[in-house]
Amino acid sequence: MSGLSIATQPDDSIDHLTIAYTPPSGQPRRIVFTTTPETAGWLRIESRWTGSGWRERACDRVTDLTIHPDPTHAIEVETDD
């Protein structure tokens, strides 16, 4: 399992970003960056696949998020703080 998912709002702002991957020696994992009305910035949620669903392993608040899909380009994600 691997992939990248970006969900956008009608105004093209990013609502959440999901990165899913499987390490060679383990269960599938994913990292989700999501916005919430309750917090400024983003939440980073790290999860591991259990075989029947995703189990949250860690959650941190993130104030700035920059995505670098290619070393020659960068995607800046602005937040309203």
Amide H to amide H under 5 Å from residue 41: which residues, 5+ apart in sequence or cross-chain, H placed 1.01 Å off N in plane? 80
Label point distance in nm, residue 60-residue 40, each placed 7 Å from Cα along Cα→Cβ: 2.0
Which order do the peptides 41-47, 23-29 come out in when sorted by mean C-beta neighbours inside 10 angstrom, highest first? 41-47, 23-29
Note: residue 50 to residue 21 extended length (0.36 nm per residue) minus current alpha-carbon separation gives 9.1 nm
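Just so you know, all these numbers are worked out from the coordinates, no wet-lab data involved. This one's a predicted model, so the numbers in the text were calculated from it and none came from an experiment. Every residue, glycine among them, receives a Cβ derived from its backbone with ideal geometry; neighbour counts consider all protein chains shown.
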